[in-house]
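Comments concern the structure below.
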Amino acid sequence: GLKIVTIGGGSSYTPELIEGFIKRYGELPIRELWLVDIDRGKEKLEIVGNLAKRMVKKAGVPIDIHLTLNRKEALKDADFVTTQFRVGLLDARKKDEEIPLKYNVIGQETNGPGGLLKGLRTIPVILEICRDIEELCPNAWLINFTNPAGMVTEAILRHSSITKVVGLCNVPIGMKMKIAEMLGVEQSRVHVQFAGLNHMVFGLDVFLDGVSIKEKVLKEMGNPENAMTMKNIAGVAWDSDFLQALNAIPCGYHRYYYKTDEMLAEEIRASQEEGTRAEVVKELEKDLFELYKDENLSIKPPQLEKRGGAYYSDAACSLIHSIYTDKGDIQPVNTRNNGAIASIPYDSAVEVNCVITKDGPKPIAVGDLPVHVRGLVNSIKSFEITAAEAAVSGDYKKALLAMTINPLVPSDTIAKKILDEMLEAHRENLPQF
Ligand code: NAD
Ligand code: G6P
Ligand code: MN
Ligand code: MN
């Protein structure tokens, strides 16, 4: 039987993970699941952990669930480690979203200054986890969701000795689901050729029963009712002429780059009227945990779909399943490029369709990205590499460099102001600075 460890086990997404493991139990015989959290997350861990125990019991599946605050104890001889933690909790996210807005810059948890600061807080912790893995379960696969997932995967590839790592996100699955829904067809008939970076991924082509329907999809996406977005991203309408010129399906997050002004205006409005997304999520979480406490609940409640990350744990379960069974199916994941996208360094992380084998994801070569998106994608990759270096070294100048080269930050002067204010605001979670 397998041993799985989930770090950040108190996450409200954990029931989705459990549901995924229950569904696949026949082919994925998990013996032990360890949910790990920290002292501040103890209460959430207990509530969600008890729901997890009720879920496996009701399903009649003999997975032994352990709750612990002791990461090292949990990691001993693990086969798979999944990570879904939030350093500084939602209060830190709130600062990432609010501070940039004061300077008329996008405030978002994985893009722009917010993404940088979340990376600076998260990377030292994930690298510590990597060192624990090396010591306690050197053969384990690390499946990371912790955002900013692209930058975090980049940091692991460059600054740890772990090679068995995969970064995961629900954006590609979400795009595929929405395309199928828009066309009114079964998801299994749709195939999307994904390539790019995390939260910067494009559908370079899309097929229905093997026939390209990209033009039709791009046309439909121009209809404001089909804006194709995630729960956490305002569904500002796309311009149809622009979409047709782009000739690739953008992900929801591309709006921050191609519609910066509209997105900023929307963020400012929302922050004044309902608070930033962190505040909305705090409310959603409160409701979710009230539900989770109910002793009569022993399934994943549908309300979880209000979270932007809906289905992301399901992606983890299919990935683990395919690695374990050497399935050879195609899944879009974050992995070492190895030449799959020509203009991105070999040793960098990309989000691309891969064949999933027992030796991990094998990226499918796409040649190169269209010239008109290559520049933006490479800017983000430069930003991620520089940010990871700043996170590891605690070098202020590197952090300033990362902030300034981010395409959402207009100048070095503003970069410095935002950086100084954010480093101060996040001081307790930035021991390296
Ligand atoms: P959350 O605020 O509920 O945090 C999850 C848990 O992490 C909490 O219980 C918290 O106590 C715990 N935690 C914090 N620091 C920890 C540490 N050092 N070690 C162990 N546990 C720690 O967050 P969430 O909304 O469940 O999201 C978790 C993470 O997953 C975030 O980084 C979020 O951005 C990311 N996420 C990614 C995707 C994706 O597409 N990859 C989707 C959704 C969420
Ligand atoms: C998805 C992303 C995640 C992100 C999440 C936010 O769009 O893929 O990476 O963290 O949603 O969801 P939330 O409900 O926390 O705002
Ligand atoms: Mn994501
Ligand atoms: Mn310092």
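Please tell me if L291 is open to solvent by less than 50 Å² (accessible area, probe 1.4 Å) and hydrophobic (A, V, I, L, M, F, W, C).
Judged against the criteria, L291 is not a match.
May I ask you to list the residues in region 4-49 that are touching a residue at least 60 places away in the same chain (Cβ under 8 Å), more than 10 Å from ligand 1 (Cβ to nearest atom), open to solvent by 40 Å² or more (accessible area, probe 1.4 Å) and part of a helix (DSSP H, G or I)?
Hits for region 4-49 are E19, K23.
Could you please give the count of residues in region 158-189 that are in contact with a Leu (Cβ under 6 Å, 6 or more places away or on another chain), open to solvent by less than 10 Å² (accessible area, probe 1.4 Å) and either within 16 Å of ligand 2 (Cβ to nearest atom) or farther than 21 Å from F85 by Cα (or both)?
0
Determine, yes or no, whether V206 is open to solvent by less than 60 Å² (accessible area, probe 1.4 Å), in contact (Cβ under 8 Å) with a residue 12 or more places away in the chain and either assigned to a strand (DSSP E or B) or in contact with a His (Cβ under 8 Å, 6 or more places away or on another chain) (or both).
Taking the combined requirement at face value, the residue satisfies it.
Would you confirm whether any residue within region 251-265 is within 20 Å of the chain's Cα centre (by Cα), without any contact (Cβ under 8 Å) to a residue 40 or more places away in the chain and within 28 Å of L90 (Cα to Cα)?
Within region 251-265, one or more residues are within 20 Å of the chain's Cα centre (by Cα), without any contact (Cβ under 8 Å) to a residue 40 or more places away in the chain and within 28 Å of L90 (Cα to Cα).
Right, A425: surrounded by 21 or more Cβ atoms within 10 Å (Cβ to Cβ) and in contact (Cβ under 8 Å) with a residue 40 or more places away in the chain or not?
no
Check region 311-325 and report whether any residue there is closer than 30 Å to K358 by Cα, without any contact (Cβ under 8 Å) to a residue 60 or more places away in the chain, more than 16 Å from ligand 2 (Cβ to nearest atom) and not basic (K, R).
yes
Take N296 and decide whether it is more than 24 Å from the chain's Cα centre (by Cα) and either open to solvent by less than 40 Å² (accessible area, probe 1.4 Å) or touching a residue at least 60 places away in the same chain (Cβ under 8 Å) (or both).
no
Any idea which residue in region 299-344 is surrounded by the most Cβ atoms within 10 Å (Cβ to Cβ), counting only those that are assigned to a helix (DSSP H, G or I) and of a type in the set (D, E)?
Selected residue: D314.
Can you pull out the residues in region 218-231 that are assigned to a loop (DSSP other than H, G, I, E, B), on the phi < 0 side of the Ramachandran plot and either open to solvent by less than 30 Å² (accessible area, probe 1.4 Å) or in contact with a Cys (Cβ under 7 Å, 6 or more places away or on another chain) (or both)?
Within region 218-231, G222, A227, M230 qualify.
The values are calculated or read from the model by the stated rules, or taken from the named source; none is laboratory data. In this text the structure is predicted, and so the values were computed from the model without any measurement. Every residue, glycine as well, gets a Cβ built from its backbone with ideal geometry; the counts of neighbours run over all protein chains shown. We work out accessible area using only protein heavy atoms, side chains counted, and drop any ligands, DNA or RNA first. Shrake-Rupley method; radii C 1.70, N 1.55, O 1.52, S 1.80 Å.
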